[in-house]
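*Asks:* Before I ask anything, here is the structure I am working with.
The values are calculated or read from the model by the stated rules, or taken from the named source; none is laboratory data. All figures in this text were calculated on a predicted structure; none of them were measured in a lab. Cβ placement follows ideal geometry from the backbone for every residue including glycine, while neighbour counts extend to all protein chains displayed. For accessibility, only protein heavy atoms count, side chains too; no ligands or nucleic acids. Shrake-Rupley method; radii C 1.70, N 1.55, O 1.52, S 1.80 Å.
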Amino acid sequence: MSEFKHFPVMLYEAVNSLNCERGKLYIDGTLGAGGYSELILKRISPDGRLISFDVDKDAIVAAKEKLKDYKNLTIVNKSYCNIKKYLEENGIKEITGGAVFDLGASTPQLTSDTRGFSFLKNSKLDMRFNQESDFSAYDVVNGYKETELVRIFSEYGEERFSKRIAKKITETRKIKKIETTQELVNIILEAAPRIKSKIHPATRVFQAIRIEVNNELNNIKNTLNEVITLLSDGAILTVVTFHSLEDRIVKNIFKEYSKEWGCEISPSGQKSNPPLLELINKKPLTASSKEISVNPPSRSAKLRSVRRINKNCK
């Protein structure tokens, strides 16, 4: 395994937003190389507890080594989709401190020579966060109908030339299966007209396939809805996103739960409509110019935080 190095984006902004307190339980939904987890542990030790989740075994190995001296850490080799199930199985009813999610692929995944996330590296079509999954980019590219490819390229990649690219893919694979990232890049370059753009022509298609392979958007939506119900009064939920599709989901969920809801809570039985969440920052925070100069991918990051209120209203 190559060394798993990852720059945690907006590290201090994200962890500061949690207002970490000793004695409370925190969740890191996306462990990665352990950047967020390490700073949280420094602030909540010795009597606070952190449970961190990740499906990537390379990340788990790196994080375990980095965080080996912390006895109040539990690392779970499962997707953040399993947070609610894991807590229930272990008799944990509430997240008393807060939870943080750094969404999307990590730098080691995107720059790997073998994982298939990068259009700049030639490797087998893969793109799986969970390397034990049976479903990969190869299955999408070689198995999806042309209409299905158009849909995911349009919805998940916001690719303006979705139809042309999907048609070229289906024509090519009739002759020979598409095996590698470079083969896919060449098809995209042939199909898409040359236009002036700062981004590589394959960027949006690769993003769309990665999202489809890992069911990212549905996972984000379902997990946030579950985690919100697990937060104690005053517990904080922070999410860092990297593209508009992720950010739109987070923004809409936070907005919905911060509206008034129908709920009977008064002793007299009168109906009131208290929100479940309080927006900590109404507009997303972004990375500083200093961070962007050191870690360019952080330029697209957006951080949103909410605080749980009215725990008696579910």
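*Asks:* Go through the residues of the stretch 228-242 one by one and say whether even a single one is under 29 Å from ASP134 (Cα atoms) and modelled with pLDDT under 95.
*Replies:* Residues of the stretch 228-242 under 29 Å from ASP134 (Cα atoms): 239-242.
Cutting the leftovers down to modelled with pLDDT under 95 gives us 242.
Yes, the stretch 228-242 contains at least one residue that is under 29 Å from ASP134 (Cα atoms) and modelled with pLDDT under 95.
*Asks:* Follow-up question, since we're still on this one. Residue check, ASP134 against (1) free of Cβ contacts under 8 Å to residues at least 24 places away in the same chain; (2) surrounded by fewer than 16 Cβ atoms within 10 Å (Cβ to Cβ); (3) more than 27 Å from LYS57 (Cα to Cα), all met but one. Which one?
*Replies:* (3)
*Asks:* Still on this model: Does SER52 count as open to solvent by less than 10 Å² (accessible area, probe 1.4 Å), of a type in the set (Ser, Thr, Tyr), out of contact with any Cys (no Cβ under 6 Å at 6 or more places or on another chain) and not in a strand (DSSP E or B)? Break it down into steps so the answer makes sense when it comes.
*Replies:* Details: open to solvent by less than 10 Å² (accessible area, probe 1.4 Å): yes; of a type in the set (Ser, Thr, Tyr): yes; out of contact with any Cys (no Cβ under 6 Å at 6 or more places or on another chain): yes; not in a strand (DSSP E or B): no.
No.
*Asks:* Against the condition assigned to a helix (DSSP H, G or I), in contact with a strand residue (DSSP E or B) (Cβ under 6 Å, 6 or more places away or on another chain), touching a residue at least 12 places away in the same chain (Cβ under 8 Å) and closer than 22 Å to LYS84 by Cβ, how does ILE27 come out, does it pass?
*Replies:* In short, no.
*Asks:* Here are ASP69, ASP47, ASP102, ASP58: which of them is open to solvent by 10 Å² or more (accessible area, probe 1.4 Å) and within 15 Å of the chain's Cα centre (by Cα)?
*Replies:* On the way: ASP69 fails: within 15 Å of the chain's Cα centre (by Cα); ASP47 fails: within 15 Å of the chain's Cα centre (by Cα); ASP58 fails: within 15 Å of the chain's Cα centre (by Cα).
One residue alone meets the criteria, ASP102.
*Asks:* Here is a further query. Which one of these is modelled with pLDDT under 80 and either open to solvent by 80 Å² or more (accessible area, probe 1.4 Å) or assigned to a helix (DSSP H, G or I) (or both): LYS283, LYS259, LYS251, LYS314? Don't jump to the end; show me each part of the working.
*Replies:* Numbers: LYS283 fails: modelled with pLDDT under 80; LYS259 fails: modelled with pLDDT under 80; LYS251 fails: modelled with pLDDT under 80.
Of LYS283, LYS259, LYS251, LYS314, the one residue that is modelled with pLDDT under 80 and either open to solvent by 80 Å² or more (accessible area, probe 1.4 Å) or assigned to a helix (DSSP H, G or I) (or both) is LYS314.
*Asks:* Every residue in the stretch 230-242 that is open to solvent by 30 Å² or more (accessible area, probe 1.4 Å) and in contact with a helix residue (DSSP H, G or I) (Cβ under 8 Å, 6 or more places away or on another chain), please.
*Replies:* Within the stretch 230-242, the subset open to solvent by 30 Å² or more (accessible area, probe 1.4 Å) is 233-234, 242.
Residue satisfying the conditions is PHE242 alone.
*Asks:* State all residues of the stretch 162-215 that are under 19 Å from SER136 (Cα atoms), open to solvent by 60 Å² or more (accessible area, probe 1.4 Å) and among the polar types (S, T, N, Q); if no residue qualifies, say none.
*Replies:* If the condition is that a residue be under 19 Å from SER136 (Cα atoms), open to solvent by 60 Å² or more (accessible area, probe 1.4 Å) and among the polar types (S, T, N, Q), then GLN182, ASN215 are the ones that fit.
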